[in-house]
Amino acid sequence: MKAQHSHPYPWLALLSLLAWGQLALATDFGRQNYLLNCAGCHLPDGNGSPPNDVPTLHGIPGLFASVPEGRAFLTQVPGVAYSALNDADVAEVLNWVLLNFSRDTLPAGFEQFTRDEVHRLRAVRPAEIFKVRDAVLATLAAKGIAIKY
Ligand code: HEC
């Protein structure tokens, strides 16, 4: 008599397929939210439009991620702070941007943004974001990291 039904592998295969599908979906949200909420200005490739004062997302954000003031700044730029995304989605899209566009400049031991960190930092709404950026640039310069726009 054949016992085909009781063979466990098809179920295992199905389960792992489902798990894989969820994983792929989860990692795609950062990219999708980037394309929907950020790419209109920063362009799909993250190059921005320097003549129109939209900065590139390649390189510099990774450097910002190395100091606390810079991490705060990344959550406080208007396009991020005032986006319709919730804190968890902002964390995900920032991590996606950093890991995909600024991976080369990320600090060793880079810790990804969490929902709680974004919640805490994003609640601060600096009146003049450029002054915050200047302060971050000064902190980085003091550590020997010079950034030119
Ligand atoms: C309406 C256009 C617009 C949208 C949408 C937008 N940004 Fe921006 N972004 C800008 C401009 C302009 C600047 C530079 C001025 C400033 O700091 O506000 C900037 C600055 C930044 C910076 C700082 C870069 C630097 O070198 O100072 C980061 C990081 C950033 N944006 C990420 C994002 C992310 C992530 C999203 C989507 C959630 C997003 N932006 C949506 C226009 C936009």
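Out of all the residues in the stretch 84-101, is one or more among the β-branched types (Val, Ile, Thr) and away from the ligand (no atom under 11 Å from the Cβ)? No, there is no match, as no residue in the stretch 84-101 is among the β-branched types (Val, Ile, Thr) and away from the ligand (no atom under 11 Å from the Cβ).
Scanning the stretch 56-83 for residues that are closer than 22 Å to residue 144 by Cβ, surrounded by fewer than 18 Cβ atoms within 10 Å (Cβ to Cβ) and within 9 Å of the ligand (Cβ to nearest atom) yields one hit, 59. Listed by position, the helices (runs of 4 or more DSSP H) inside the stretch 27-87 whose residues that are of a type in the set (Phe, Trp, Tyr) number at least 1 are 60-64, 68-76. On the stretch given as the stretch 115-149, residues that are of a type in the set (Asp, Glu) and closer than 21 Å to residue 86 by Cβ total 2.
Readers should treat all values here as calculations from the given coordinates under stated rules, not as data from a laboratory. All values derive from a computational prediction rather than experimental measurement. For neighbour counting, all protein chains shown are included, and Cβ atoms are generated from backbone atoms with ideal geometry for every residue, glycine included.
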